[in-house]
1. What are the residues in region 58-108 that are over 16 Å from the mean Cα position of the chain (by Cα), closer than 24 Å to Phe48 by Cα and not hydroxyl-bearing (Ser, Thr, Tyr), if any?
2. Does Ser24 satisfy the criteria of being under 20 Å from Cys117 (Cα atoms), open to solvent by less than 80 Å² (accessible area, probe 1.4 Å) and either outside any loop (DSSP other than H, G, I, E, B) or modelled with pLDDT of 85 or more (or both)?
3. Within region 43-66, how many residues are open to solvent by 60 Å² or more (accessible area, probe 1.4 Å), in contact (Cβ under 8 Å) with a residue 24 or more places away in the chain and more than 17 Å from Lys18 (Cβ to Cβ)?
4. Does Gln106 meet the test of being at pLDDT below 90, more than 23 Å from Lys18 (Cα to Cα) and not aromatic (Phe, Trp, Tyr)?
5. Which residue pairs have Cβ atoms closer than 6 Å, lie 6 or more positions apart in sequence or on different chains, and pair a first residue in region 106-127 that is of a type in the set (A, V, I, L, M, F, W, C) with a second residue that is modelled with pLDDT of 85 or more and open to solvent by less than 70 Å² (accessible area, probe 1.4 Å)?
6. Being assigned to a loop (DSSP other than H, G, I, E, B), open to solvent by less than 90 Å² (accessible area, probe 1.4 Å) and over 20 Å from Arg37 (Cβ atoms) is the filter here; which residues of region 77-121 pass it?
Amino acid sequence: MYYRFHDSNFSLHGSWQKELDYISKLQKVAYRLDVPRFWGHYSEIENFLKYADRFPNTRQKRKTIRFTKFIISHLTNRSRIQRNAIFFAPLFLYELIIFRYFRREQPIRSIFYDLKCGLFGKKEEDG
């Protein structure tokens, strides 16, 4: 007996959606508060990508994986900018030009926060 996987297969929807919601929650918390917190959850996100790879190739899967990789790339670049904004100025300009900052919540705050950390080495207290 064969089991067919497809876009509208409801049996996959529950676990897939639960994982997607969890990763989305992690990236929102990490993005809003402090980029280094993102790295604390990086192994979970990597596990999610491996988990997602097992599913059939659907539009939702491609969109989810693309979004997750977008977040990884953007937060990686943000953490570099926060370490040294002068050295990583080209990376900062790249993030601005391709509008990655503006695809997330609080883009202006994030831009100035990254520059402040990268130039002055200060971090806000989470709270």
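1. The answer is Arg59, Gln60.
2. So Ser24 does not fit the description; no.
3. Here the count works out to 1.
4. In short, yes.
5. That search, which allows pairs on different chains as well, returns Ile111/Tyr101; Leu115/Ala85; Cys117/Gln82; Leu119/Ala85.
6. Ile98
The values are calculated or read from the model by the stated rules, or taken from the named source; none is laboratory data. Small disclaimer: the values here were computed from a predicted structure and weren't measured. In this analysis, Cβ positions are derived from the backbone assuming ideal geometry, glycine residues included, and neighbour counts consider all displayed protein chains. Surface accessibility is based on the protein's heavy atoms, side chains included, excluding ligands, DNA and RNA. Shrake-Rupley method; radii C 1.70, N 1.55, O 1.52, S 1.80 Å.
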